[in-house]
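To start, the structure under review is shown below, and the notes come after it.
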Amino acid sequence: MGLFMVNVRSRSQDQAGGPPVWRNQVNASNIEEAYRIGKSQFELECPDLAKEAVTIEAVSEYVEK
């Protein structure tokens with residue numbers, strides 16, 4: 001299991017480098033699973049935004065000890 005950050009940006013903000021419209025941390029076994037979990041959570045929490053053109057990205061989080 002690892003910690004992943006899922007960011008969702010509208011297509012217009014993505015090109016302009018704007019902040020995400022939604023973000024969440026997800027525990028998952030790999031990045032593909034993190035993407036699927038994050039996408040599902042985003043669609044449940046923001047159904048109005050889910051209908052717009054968005055870019056969804058999952059990235060891994062690193063922790064130093």
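The values are calculated or read from the model by the stated rules, or taken from the named source; none is laboratory data. Computed from a predicted model, the values in this text were never measured in an experiment. Note: ideal-geometry Cβ built from the backbone for every residue, glycine included; neighbour counts use all protein chains shown. The protein model used for the area step is the full one, side chains on, heavy atoms only, and it has no ligands, DNA or RNA in it. Shrake-Rupley method; radii C 1.70, N 1.55, O 1.52, S 1.80 Å.
What's the carbon and sulfur percent of the chain's accessible surface, probe 1.4 angstrom, rounded to a whole number? It is 48 percent, rounded to a whole number.
Compared with the dominant principal axis of the Cα atoms in the chain, helix 31-45 is inclined by about 40°.
Checking [x] 0.92; [y] 1.00; [z] 0.94 against the coordinates, the calculated Rg/Rh (Cα atoms, Kirkwood Rh) falls under label [y].
Here the chain is treated with +1 on each Lys and Arg Cβ and -1 on each Asp and Glu Cβ, and its dipole about the Cα centre works out to around 60 debye.
So what is the accessible area of the chain per residue, in Å², with the probe set to 1.4 Å? Working shown, then result.
Values: 4560 Å² over 65 residues.
Counting only protein heavy atoms, the per-residue value for the chain is 70 Å².
Which net charge results for the neighbourhood of Asn27, defined as the other residues with beta-carbon distances under 12 angstrom from its beta-carbon, given Lys and Arg at +1 and Asp and Glu at -1? Mind showing how you got there, number by number?
Values: positive: none; negative: Glu33, Glu61.
Local net charge: -2.
Please compute the contact order of the chain in relative form: average sequence separation of alpha-carbon pairs under 8 Å and at least six residues apart, divided by the residue count, as a percent. Provide the component values of the computation, followed by the final result.
On the way: 101 pairs, mean separation 29.6, N = 65.
It rounds to 45 percent for the chain.
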